[in-house]
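Novice: Quick one: the structure is below, questions incoming.
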Amino acid sequence: MGKGRRAILLALFHAFSMKCTQIQRAIKLGDDELVGSLDRELEPLVTAILAYKATSLLEMYMQLQFMSNLIREESDDRSR
């Protein structure tokens, strides 16, 4: 059961990563409306990742790493 559940978490990470890639492209194009729209789509993904009930140390580590990266990126954005 662990591998099937882990696939869900990995799919959430993948969707988040893809959305971030799309946002970066929209930023490069200067499309503020698209950036805003894509940014709003990130919130449910972040919520789902953080709400995922980890059942192994690996899943817990993955979630903690994700949160750590979010915090780091947020602090980098605010320092600009």
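Novice: Given Cβ point charges of +1 (Lys, Arg) and -1 (Asp, Glu) and nothing else, what value in debye, to the nearest 20, does the dipole of the chain about its Cα centre take?
Specialist: Details: 11 positive and 11 negative charges, 95 e Å.
Computed about the Cα centre, the dipole is about 460 debye.
Novice: Next up: Give the cross-link partners of LYS3 among the lysines, using a straight C-alpha distance below 30 Å as the criterion and excluding same-chain residues fewer than 8 apart.
Specialist: Hits, sequence-local ones excluded: LYS19, LYS53.
Laboratory data are not the source of any read-out in this text; all were calculated from the coordinates shown. These numbers come from a predicted model, not from an experiment. Because the Cβ atoms are built from the backbone with ideal geometry, glycine has one as well, and the counts that use them run over all protein chains shown.
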